[in-house]
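Before any comments, here is the structure.
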Amino acid sequence: MSRSAPHGDRGDWIGLVAVVTLVQAAMSLMTRTLTLLGLPLTQAAGVPPEAVGQLAAATSLGSMAYFLWGPAILAGFGALRQLQIGCVVAALALGLCMADHWAAMLLAAFVIGIGYGPSTPAGSELLMRNVPAERRATIFSIKQAGVPMGGLVAGLVLPPIALWTGHTGPALLTAAALVLAVAVGLGLWRGEIDMPGGGTVFATGRRWRSLLGAPVEMFRLVFASRALRLVTAAGFGLGVAQGVLLGYYPVYLSTHVGWSLTSAGLAFAVLQSAGIGGRILMGWVSDLCGDATRAMIWLCFVSGATMVLIAGFGPQTPVWWVATVSFVAGITVVSWNGVFLTGLAAAAPAGRVGEITSAGSFVLFTGFVASPIAIQWVFALTGGYAGGLVVAGLAPILAGLALSLGRGGSPSQ
């Protein structure tokens, strides 16, 4: 059963939006924790600072694994329960970082990514089923504003705790405690919008076969639609720039610009705080013009330009300029995800929103995985960060050109 507008009064879906956004913020905090603590974590593990990109890639890889099989595995649970499971899994994963061993940290990042996974398909399914159609881009963007919101909290809270205590352990425990508190809150919430599936994936051989074939079916749906192909390809290009920026920015400011861990965390917080308003603004603009694709084209070009500006930072760069560009990056490089999910959900066949957003997000997260690792090689080849950041900025520019040229045909073919 699905529906395009909520049953019940207005407070039903408004409460749902608040809950889903809170979960998104909590899971974002988890994905940003290892990046923000990247300098002390890499030092403790005995690896170079630029290896922090491997943690970002491992997190995205875990989410990709979930997008392929997670929705089918958790098909017997309601969407809210899926979100709760994701919170618990991600929080427990941080314990692996206590060993100060790089392999354990990579595994922790991968498991955190798995825990993050339900926030996209389960949250999108809940919103698509309960939010009025004319407000979806704005509401999806409010949900996605939880991502920079979680990053803002992480940037303000976790680095100071690590510095004050002299170890990353207390900061890791703080992050885990915050997410577990959200999981408990989900268990207490009494919204009447959750719709559990029928049975578990482990019930029969038929369900196992369905599980194995789930990725094939998801991508068949995506590639059968021209609109979905275009939006997904643009999301990949935008994801390359966003993956590099969020994966390296604090370490880049510390090792290249010469800022302290706390100062780099504050700059990261500025970027994330701008992203909160930026995502909501982009959703509102998309709803206002009734065209998510046009908004994505604009964001592709300005995201690329912003990455080039960031590449120009150095030890002599004024603090006010770093803060200004960080704020702009929050609006450009960080603010398109809600519009992307809206485009996917709107073009999805009836009743297949969770699968389509999972498949589209899988492609997006491919960019998140590949870009930090590939850019690490560029950093090594060029002997610095600037060349890699410029290369990352070219990806959304090319995606914007492709999306602009591809809009000439019928968007639904």
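Quick notes
- Among the protein heavy atoms, those of Cys87 account for about 0 Å² of accessible surface (1.4 Å probe, every chain in place).
- Per residue, the average separation of C-alpha pairs within less than 8 Å and at least 6 apart gives the range 86-163 a relative contact order of 25 percent.
- Residue-span extension gain [Thr262 to Val184] - 0.36 nm each, minus C-alpha spacing: 25.1 nm
- The range 11-109, accessible area per residue, ligands and nucleic acids excluded (1.4 Å, Å²): 30 Å²
- For Asp100, the solvent-accessible surface computed with a 1.4 Å probe is close to 50 Å², ligands and nucleic acids excluded.
- Whole-Hz Karplus values for the range 97-104 come out as 6, 5, 7, 6, 10, 5, 4, 5 Hz, taken residue by residue from phi with 6.51 cos²θ - 1.76 cosθ + 1.60 and θ = phi - 60°; glycine and proline positions read x.
- Put the Cα centre of the range 322-349 next to the Cα centre of the range 80-126 and the gap is 23 Å.
- Each Lys and Arg Cβ is given +1 and each Asp and Glu Cβ -1; about its Cα centre, the chain then shows a dipole of about 740 debye.
- Accessible area per residue, Å², the range 219-289 with all protein chains present, probe 1.4 Å: 30 Å²
- Computed over the range 121-187, the ratio Rg/Rh where both radii use C-alpha atoms and Rh is Kirkwood: 1.14
- Normalising the Debye intensity of the chain to I(0), with uniform scatterers on Cα atoms only, and taking log10 at q = 0.06, 0.08 Å⁻¹ returns -0.21, -0.38.
- Global form of the range 213-335, assessed from the alpha-carbon gyration tensor, a/c cut-off 1.5: prolate
- Charge context of Gly275, other residues only, Cβ under 14 angstrom, K/R +1, D/E -1: +3
- Acute angle (nearest 10 degrees) that the helix 261-289 long axis makes with the longest principal axis of the chain, alpha-carbon atoms: 30 degrees
- Sum of -39500 (n - 2.57) over DSSP H runs of 4+, divided by residues of the chain (222 nm, nearest 500): -26000 deg cm²/dmol
- Three-way shape label, the range 272-413, alpha-carbon gyration tensor, a/c 1.5: prolate
- As a fraction of the 1.4 Å probe accessible area of the chain, surface on carbon and sulfur atoms comes out at 70 percent.
The values are calculated or read from the model by the stated rules, or taken from the named source; none is laboratory data. Computed from a prediction, not measured in an experiment: that's the story for all the values here. Every residue, glycine as well, gets a Cβ built from its backbone with ideal geometry; the counts of neighbours run over all protein chains shown. Protein only, heavy atoms only, side chains kept; ligands, DNA and RNA dropped before computing areas. Shrake-Rupley method; radii C 1.70, N 1.55, O 1.52, S 1.80 Å.
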